[in-house]
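This is the structure I have questions about; it appears just below.
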Amino acid sequence: MRIAQVAPLFEAVPPKLYGGTERVVSWLTEELVRQGHEVTLFASGDSETSARLVPCVPQALRLSGARDTLAPHTLMVERVLQMAHEFDVIHFHIDYLHLPLMRRAQIPYLTTLHGRLDLPEIYPFYKEFREAPFVSISYAQRKPLPFLNWVGNVYHGLPRDLYRPSYEPGKYLAFLGRISPEKRPDRAIELAERVGIKLLMAAKVDRADEEYFEEVIRPRLKSPWVEFIGEISDREKQEFLSGALALLMLIDWPEPFGIVMIEASACGTPVIAWRCGSVPEIIEPGRNGFIVESMEEAEKAVEAAASISRRECRLLFEERFTAERMAREYVQLYQTLLAEEVPLWRRAA
């Protein structure tokens with residue numbers, strides 16, 4: 001099958017450091033190539049892939065310091081349309097920018113939505129384009145927009161051999177991801193102080209969250225129970241996650257998926273997660289972690305973390321969250337779209 005993957009241009013594919021969507025696009029692209037498909041990747045020029053790369057900017061926008069990110073993405077969509085005759089299906093990962101053009105182009109495509117969908121500004125837009133074929137990354141993600149044409153739900157998956165599991169008990173608590181109010185790093189710090197176990201924080205600080213970091217988080221980094229590491233690469237994640245007693249994900253927002261949860265499971269590390277968004281779909285209590293709804297429950301979960309079988313964590317990852325499974329499910333969706341008697345992309349809104 002001839003497949004186009006259209007990635008955001010904010011980070012390289014795969015990202016050099018932080019970057020969720022671009023990382024998933026990389027895993028999917030490489031696995032599709034491995035399975036024998038002819039894949040073209042539209043992404044930044046500093047991306048690395050075994051697919052055919054169509055570079056749409058020389059360097060990822062975040063690293064290049066670009067001030068206008070809309071123009072490069074619009075130009076990329078135009079380039080995709082110019083080459084559309086070369087593909088059986090086009091798979092977009094750039095939210096909604098392409099939808100008005102794709103409605104008129106009548107080309108087989110689908111869109112995986114990677115972000116939160118509860119923002120009031122996007123509601124009327126998606127209401128207008130509700131006929132377009134969408135894929136969710138968790139069923140919880142769909143709740144704000146139940147009227148969309150959801151053609152499938154595909155959980156993220158990562159390469160089976162990306163991380164090696166460690167079956168030795170971990171020695172510290174881990175926070176991995178982005179410093180922002182909804183990720184609740186303050187809860188992670190509070191929990192570490194309550195239980196008296198060191199918290200290592202491997203996180204990036206976006207420009208939009210600098211004020212929150214300086215005013216709320218930085219003062220708390222003086223705690224003897226906290227060590228702030230900063231952004232880390234995939235290679236560094238191996239040691240960071242596998243050495244942890246548990247990964248803390250005490251979020252306060254409708255998390256669409258949460259890649260870090262399956263990364264931890266791949267390393268054999270249990271997750272202690274707040275009951276929000278996709279968490280109940282990813283965490284199986286007692287098997288790859290615990291779901292909590294209060295700090296008191298979180299304390300008890302830390303005490304019980306060592307009782308979780310790290311082999312069982314890894315087994316659950318292999319059963320449910322590999323890139324091989326993810327790619328196979330997307331191929332099934334591509335085939336279903338192409339087999340429609342009245343294709344979805346030709347139906348009137």
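A short reminder: the numbers here are calculations on the coordinates, not readings from a lab. Given the structure is predicted, the values throughout are model-derived calculations rather than measurements. Cβ atoms come from the backbone with ideal geometry, glycine included; neighbour counts cover every protein chain shown.
Roughly how big is the chain's charge dipole about its Cα centre, with Cβ charges of +1 (Lys, Arg) and -1 (Asp, Glu), in debye to the nearest 20? The partial results should precede the final answer.
Working: 42 positive and 50 negative charges, 66 e Å.
For the chain, the charge dipole is close to 320 debye.
Go through H91, S47, H37 and say which Cα lies farthest out towards the positive end of the charge dipole of the range 27-102; charges sit on Cβ, +1 for Lys and Arg, -1 for Asp and Glu.
S47
Continuing with this model, one more query. Once the Cα atoms of helix 70-82 and of the chain are each reduced to a long axis, what angle between those two axes, in degrees from 0 to 90 to the nearest 10, is obtained?
Tilt relative to the chain: about 50 degrees.
Please arrange W274, W253 by how many other C-beta atoms lie within 10 Å of their C-beta, fewest to most.
Values: W274 22, W253 15.
Taking fewest neighbouring Cβ atoms as first place, the list is W253, W274.
If Lys and Arg each add +1 and Asp and Glu each add -1, what is the summed charge of the other residues whose beta carbon sits under 13 Å from the beta carbon of A60?
Details: positive: K16, R23, R62; negative: E11, E22, D46, E48.
Taking every other residue near A60 into account, the sum is -1.
Hey, another quick one. If you take every residue apart from T112 with its C-beta less than 12 Å away from the C-beta of T112, what net charge results, scoring Lys and Arg +1 and Asp and Glu -1? Write out the running numbers ahead of the final one.
On the way: positive: none; negative: D95, E329.
Around T112, the charge tally is -2.
Could you let me know the centre-to-centre spacing of the range 243-258 and the range 25-95, using Cα atoms, in angstrom?
29 Å
Nearest 10 degrees is fine. How inclined is helix 20-34 to the longest principal axis of the chain, computing both from alpha carbons?
The angle comes out at about 60 degrees.
Separate question: Could you order peptides 280-289, 111-120, 40-49, 144-153 by the average number of other Cβ atoms within 10 Å of their residues, highest first?
Values: 280-289: 19.6, 111-120: 17.0, 40-49: 22.0, 144-153: 14.9.
Per-residue mean Cβ counts within 10 Å order the peptides as 40-49, 280-289, 111-120, 144-153.
Placing unit charges on C-beta atoms (Lys and Arg positive, Asp and Glu negative, everything else neutral), compute the dipole magnitude of the range 109-152 about its Cα centre in debye, rounded to 20.
Working: 5 positive and 4 negative charges, 28 e Å.
Dipole magnitude for the range 109-152 comes out near 140 debye.
How big is the chain in terms of Cα radius of gyration and Dmax, in angstroms?
Over the chain's Cα set, Rg and Dmax evaluate to 20.4, 64 Å.
Using Stokes-Einstein with the Kirkwood hydrodynamic radius over Cα pairs, what translational diffusion coefficient do you get for the range 183-338 at 4 °C and a viscosity of 1.567 mPa s, in µm²/s rounded to a whole number?
Working: Rh = 16.6 Å.
Calculated translational D: 78 µm²/s.
Give the peptides 237-244, 312-319, 265-272 in descending order of average Cβ contacts within 10 Å, highest first. Walk me through the numbers on the way to the answer.
Working: 237-244: 20.5, 312-319: 17.9, 265-272: 28.2.
Those peptides, ordered most packed to least, come out 265-272, 237-244, 312-319.
If you don't mind, another one. Report the FRET efficiency, 1/(1 + (r/R0)^6), for R194 and R116, where r is their Cβ-Cβ distance and R0 is 35 Å, rounded to 0.05. Please list the in-between numbers first.
Numbers: r = 29 Å, r/R0 = 0.83.
After rounding, the FRET efficiency stands at 0.75.
Return the calculated 222 nm mean residue ellipticity for the chain, to the nearest 500 deg cm²/dmol, obtained by summing -39500 (n - 2.57) across DSSP H runs with n ≥ 4 and dividing by the residue count. Let's see the in-between values first.
Values: 12 runs with 115 residues, N = 349.
Estimated from H runs of four or more residues: -9500 deg cm²/dmol.
Compute the angle between helix 295-304 and the longest alpha-carbon principal axis of the chain, please, reported from 0 to 90 degrees and rounded to the nearest 10.
It works out to around 80 degrees.
Additional query: A 22 angstrom limit on the alpha carbon distance is what I want to check against. Which of K143/K237; K16/K222; K204/K237; K183/K204 exceed it? Display every interim value, and only then the final one.
Values: K143/K237 32 Å; K16/K222 29 Å; K204/K237 13 Å; K183/K204 12 Å.
The pairs that break the limit, which is 22 Å between Cα atoms, are K143/K237; K16/K222.
Give me the net charge for the shell around L148: Cβ to Cβ below 12 angstrom, other residues only, Lys and Arg +1, Asp and Glu -1.
Summing Lys and Arg as +1 and Asp and Glu as -1 gives +2.
Something else now. What size of dipole, in debye to the nearest 20, comes out for the range 172-320 about its Cα centre when the only charges are +1 on Lys and Arg C-beta atoms and -1 on Asp and Glu C-beta atoms?
On the way: 20 positive and 28 negative charges, 83 e Å.
For the range 172-320, the charge dipole is close to 400 debye.
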